[in-house]
């Protein structure tokens, strides 16, 4: 059995994933609800009621410091006040900016096995250990995988899963070309695009008016 180091080398050689370059557009267009709710290659990882009056979709990369800051500093308050109370439906979509983020995203999917709570738990751990993930990617992935009940063989199989890689790449391509996502974090709040980091107060300013409609 090959080790995760060899698997990571295989991942680097895959032709199925190429980090996308920013698209050149004069003005970013807001996505339609139909575009955002279109089924992706990978199932959406979402929290909150699907019938909530406000829908937030975040595109993030596991290697993005601003994404990590949002997850650690803003998301817990957003979840407590709006998601768990049925006011916001929150969807997380991967938009990996480099090969390390690709591997981390694949690991999170494998840990979750389709369970949103496990998925959000995995990305929470990955973001908390982002510095270590960037400096010692292979070791960090192994450690996080083991803490989630995976052995080295499971982690190896996950990171070399070509079908998973293809789906991840296809979804990022759709986000880039159809939704005009070119950087992380990017948020869509009821279809309206907001690029860049937001504080809880800034996000709340966007949410409150939508609750009154």
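The values are calculated or read from the model by the stated rules, or taken from the named source; none is laboratory data. Predicted model only: the values in this text are computed from it and were never measured. Virtual Cβ from ideal backbone geometry, glycine too; neighbours counted across all protein chains shown.
Specify the residue that is farthest from residue 113 (Cα to Cα); the eligible residues are those in region 126-139 that are without any contact (Cβ under 8 Å) to a residue 24 or more places away in the chain and within 18 Å of the chain's Cα centre (by Cα).
Checked region 126-139; the qualifying residue farthest from residue 113 (Cα to Cα) is 131.
If a residue has to be surrounded by 15 or more Cβ atoms within 10 Å (Cβ to Cβ) and out of contact with any strand residue (DSSP E or B) (no Cβ under 6 Å at 6 or more places or on another chain) to count, how many in region 191-200 make the cut? Lay out the reasoning, then the answer.
Step one: list which residues in region 191-200 are surrounded by 15 or more Cβ atoms within 10 Å (Cβ to Cβ), which gives 191, 193-195, 197-198, 200.
Filter once more, keeping what is out of contact with any strand residue (DSSP E or B) (no Cβ under 6 Å at 6 or more places or on another chain): 191, 193, 197-198, 200.
Qualifying residue count, region 191-200: 5.
Which numbered condition trips up residue 184, out of (1) surrounded by fewer than 21 Cβ atoms within 10 Å (Cβ to Cβ); (2) modelled with pLDDT of 95 or more; (3) within 30 Å of residue 80 (Cβ to Cβ)?
For residue 184, the failing item is (1).
Is it true that residue 166 is closer than 26 Å to residue 49 by Cβ and in a helix (DSSP H, G or I)?
Values: closer than 26 Å to residue 49 by Cβ: no; in a helix (DSSP H, G or I): yes.
Here the answer is no, as residue 166 does not meet what is asked.
Consider only pairs whose beta carbons are under 7 Å apart and that are at least six residues apart or on different chains; among these, list those whose first residue lies in region 152-178 and is at positive phi and modelled with pLDDT of 95 or more and whose second residue is in a helix (DSSP H, G or I) and surrounded by fewer than 20 Cβ atoms within 10 Å (Cβ to Cβ).
Sorted first by the residue in region 152-178, then by its partner, the list stays empty.
Looking at region 88-109 only, could you name the residues that are out of contact with any strand residue (DSSP E or B) (no Cβ under 7 Å at 6 or more places or on another chain), buried (at least 20 other Cβ atoms within 10 Å of the Cβ) and assigned to a helix (DSSP H, G or I)?
100, 101, 102, 103, 104, 106, 107, 108, 109
If you go through region 69-88 one residue at a time, how many are closer than 14 Å to residue 207 by Cα and under 15 Å from the mean Cα position of the chain (by Cα)?
1
Quick test for you: out of 112, 197, 101, pick the one residue that is in contact with a helix residue (DSSP H, G or I) (Cβ under 8 Å, 6 or more places away or on another chain) and at pLDDT 95 or above.
Of the residues listed, the single one that is in contact with a helix residue (DSSP H, G or I) (Cβ under 8 Å, 6 or more places away or on another chain) and at pLDDT 95 or above is 112.
Tell me yes or no: at least one residue of region 136-147 is surrounded by fewer than 14 Cβ atoms within 10 Å (Cβ to Cβ) and on the phi > 0 side of the Ramachandran plot. Lay out the reasoning, then the answer.
Start the filter on region 136-147 by keeping residues that are surrounded by fewer than 14 Cβ atoms within 10 Å (Cβ to Cβ), which leaves 136, 139, 146-147.
Within this subset, residues satisfying the condition of being on the phi > 0 side of the Ramachandran plot are none.
For region 136-147, residues surrounded by fewer than 14 Cβ atoms within 10 Å (Cβ to Cβ) and on the phi > 0 side of the Ramachandran plot: absent.
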